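Since every read-out is calculated from the coordinates, none of them should be taken as a lab result. The structure presented is a predicted model; accordingly, all values stated were derived computationally and were not measured. Ideal geometry is used to build each Cβ from the backbone, glycine not excepted, and the neighbour counts take in all protein chains shown.
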Amino acid sequence: MPTARDLRTASHRVLRERILDGHPVDPAQLEGWAYRGTSLGLPTVVEKLTWKTFQKTFWRDPRSGRLFGWNVRLEQDGLDAPSRPKLRRGKPVTEWNYEVIAPSADVPRPRGFDRGLIIDYSRAKNAPGPMRVTKDPLVALSPGSADELLGVSYLVVAGRCLETPTYFTLEREHRIDFVPEVFAPAHEADAEQAARGLDPLKLTALERGWAEELFAAILATGGDEGLPSFASIDRTAFWHAFATAPSPMVRAGLRPMLHTLVFLPVVSGFGKPFFLLSEEERARFLAKVAGDSRYFVRQSLVTLKTLACFAYFDDPKVRARFDAAPIAPIAPLAPLMTREGGAS
């Protein structure tokens, strides 16, 4: 069976054959997951104008039962680099919403494009444009598995199907941790139900972005003396470990500490949240927090500093710089953070 990586250099003919010969996809295996997408077969100049890597998501609306999704723009750090969503006002940039449906007689499609599911952009809220007439058939590369998928785009214009050379692979990546406002039932009674199946203690992508900005400011590593900057290291393993290793009390304690440090600048002389402060303002704020008279505020900084060090020294490049033995990323934090609300 070909893998998603095997198809990176495949011709359009081979990719089309894989769509025609692909395997069915069970939608239940998709729901709640974000997939890493890789564009295939496009000229380099086109990829530079659009994207080479991206994310697609599959989210079951608890109110209607329909399977929706959206595209997440990623920073183009490299084909095999960890996924890092682009942020706008601290939130992941999402666009091109869709519904995932089974092929049916009332959905026009090219001959043979009926082996799996169809991503239909006309069935979700989107701005006017070509995406409104775009559909993506989606097949599995291995029978019975939804870990690796192959898709392609075609247009439906005046009832006619026009195939495009826009192929892509999808590789299962992580549970959805951010739902755009267009889908999230904010301030509604069923908001809690919408989050069912997600880990309530897991930081959202927005909160992780806040935490990483604090980590970077606390460590103040800008690449001097041969040290990599915090932004350049891979934080994926750290966040995965933090989501699985510490006790629930430890994980629950991080969120109020994080929000305290993010929004305290608004009422402490800076007039705006931490993520809007300049580098110099961030340094002044952290120095002020270190001497704050309130224990919880000081302890929030200590906890974030501890986590920042674990995240930073978990990176092989950093460990190699200090010629240190590998550091276990999260487990040692559990005995350090045992009191209610955070660190001891």
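Placing a label point 7 Å from the Cα of residue 272 along the Cα-to-Cβ direction, none of the residues of region 299-317 has a backbone N under 15 Å of that point. Looking at region 6-190, the pairs of alpha carbons with a distance over 23 Å make up 40% of the total. Look at where the Cα atoms of region 113-182 and of region 16-42 average out, and the two centres are 8 Å apart. Distance between the pseudo-spin-label points of residue 255 and residue 28 (7 Å out from Cα toward the beta carbon): 2.9 nm.
Sort 161-172, 123-134 for me by packing, meaning the mean count of neighbouring Cβ atoms within 10 Å per residue, highest on top.
Highest mean packing first, the order is 161-172, 123-134.
For the pair residue 236 and residue 9, label points projected 7 Å from Cα toward Cβ lie 2.2 nm apart. Checked against a 27 Å cut-off, the cross-linked pairs 56/91; 91/305; 56/317; 202/305 give Cα-Cα distances beyond that limit for 56/317. Give me the one-decimal nm value for the distance between modelled label points at residue 306 and residue 292, 7 Å along each residue's Cα-to-Cβ direction. Those two pseudo-labels are separated by 1.7 nm.
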